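J.: Have a look at this one before I ask anything.
The values are calculated or read from the model by the stated rules, or taken from the named source; none is laboratory data. Computed from a predicted model, the values in this text were never measured in an experiment. Virtual Cβ from ideal backbone geometry, glycine too; neighbours counted across all protein chains shown.
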Amino acid sequence: MNHERGVQTRHLGPEPVEYILGFGPDHSRSSRHPEYGAVIGHELTHGFDDQGSKYDKDGRLAPWWSKQATKQFESRVACVVDQYGAYEPLPGLRVDGKLTAGENIADIGGVKEAYFAYKTWESENGAAAPVAEGFTNDQIFFIAWAQNWCFLSTEDFLGRQVETDPHSPGMFRSMGPLADLPQFAEAFECAEGTPMAPKDRCEVW
Ligand SMILES: [Zn+2]
């Protein structure tokens, strides 16, 4: 294991895997925002997901939106349900778009909120020196977000997770919100119409 300039290298298999560490006084904002900022954004967005949106300002289960707003919201949620429902963690095994809708809405909103918070910080303070050579700060932001969800699991675990867990499997928590954020495609120059730069993106918040 090697620590240098905020990059940790772990030898987990034949190739070393580099992790951009998110926390530490000398670590870049571009890696802290997607790890800690996105978690805070995720939790805030839950207040306005498919369940949280049904509660009023006093926490009572009392729908308070106009009919028009509710209709618009429902069509945006349906977009997220379809997006994640098309993801296949294993051949023939699809994510349950409805079961995971609230968590996916919170992920999509959370990473976007963290990204714009980071860009605001950058515009006020100037860009920090990137912590990993060869990557821009925007690229580091997105890599650090993806690394939140780096894990190994058995096929049995994935099968159980898809059936019972309202969270999508990590690989889709990583890529789903980034496919919906045009700044990701810009940062990595993804051609339009490819999986990470779809023509139609989902946007709830
Ligand atoms: Zn959540």
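J.: Look at residue 75 and say whether it is surrounded by fewer than 11 Cβ atoms within 10 Å (Cβ to Cβ) and within 21 Å of residue 199 (Cβ to Cβ).
T.: Against the criterion (surrounded by fewer than 11 Cβ atoms within 10 Å (Cβ to Cβ) and within 21 Å of residue 199 (Cβ to Cβ)), residue 75 qualifies.
J.: Identify, from the list 164, 154, the residue that is surrounded by fewer than 19 Cβ atoms within 10 Å (Cβ to Cβ) and within 26 Å of residue 43 (Cα to Cα).
T.: 164
J.: Among the residues of the stretch 116-127, how many are surrounded by 16 or more Cβ atoms within 10 Å (Cβ to Cβ) and either in contact with a Pro (Cβ under 6 Å, 6 or more places away or on another chain) or modelled with pLDDT under 90 (or both)?
T.: So the count comes out to 0.
J.: Working only within the stretch 123-148, note down all residues that are over 20 Å from the mean Cα position of the chain (by Cα) and not β-branched (Val, Ile, Thr).
T.: Pass one, the stretch 123-148, residues over 20 Å from the mean Cα position of the chain (by Cα): 123-134.
Matches in the stretch 123-148: 123, 124, 125, 126, 127, 128, 129, 130, 132, 133, 134.
J.: Restricting the search to the stretch 38-80, which residues are within 14 Å of the ligand (Cβ to nearest atom), in contact with a Ser or Thr (Cβ under 9 Å, 6 or more places away or on another chain) and in a loop (DSSP other than H, G, I, E, B)?
T.: Hit for the stretch 38-80 is 47, nothing else.
J.: Can you name the helices (runs of 4 or more DSSP H) wholly within the stretch 91-202 that have at least 2 residues being within 16 Å of the ligand (Cβ to nearest atom)? So that I can check it myself, show each step before the final result.
T.: Working: elements: 101-125, 137-147, 155-164, 170-179, 182-188.
Qualifying helices (runs of 4 or more DSSP H): 101-125, 155-164, 170-179.
J.: Among all residue pairs at least 6 apart or on different chains, which show Cβ distances below 7 Å where the first residue, located in the stretch 33-49, is within 25 Å of residue 62 (Cβ to Cβ) and the second is crowded, with 16+ Cβ neighbours inside 10 Å and among the β-branched types (Val, Ile, Thr)?
T.: 45/105; 49/105
J.: Out of 134, 159, 170, I need the residue that is more than 17 Å from residue 202 (Cα to Cα) and either surrounded by 17 or more Cβ atoms within 10 Å (Cβ to Cβ) or in contact with a His (Cβ under 8 Å, 6 or more places away or on another chain) (or both). Which one? Steps first, please.
T.: Numbers: 134 fails: either surrounded by 17 or more Cβ atoms within 10 Å (Cβ to Cβ) or in contact with a His (Cβ under 8 Å, 6 or more places away or on another chain) (or both); 159 fails: either surrounded by 17 or more Cβ atoms within 10 Å (Cβ to Cβ) or in contact with a His (Cβ under 8 Å, 6 or more places away or on another chain) (or both).
Result of the check over 134, 159, 170: 170.
J.: I would also like to ask the following. Can you name every residue in the stretch 177-192 that is within 23 Å of residue 85 (Cβ to Cβ) and either among the charged types (D, E, K, R) or in contact (Cβ under 8 Å) with a residue 60 or more places away in the chain (or both)?
T.: Here is the first cut: in the stretch 177-192, the residues within 23 Å of residue 85 (Cβ to Cβ) are 177-182, 184-185, 190, 192.
Passing the criteria: 177, 178, 179, 180, 181, 192.
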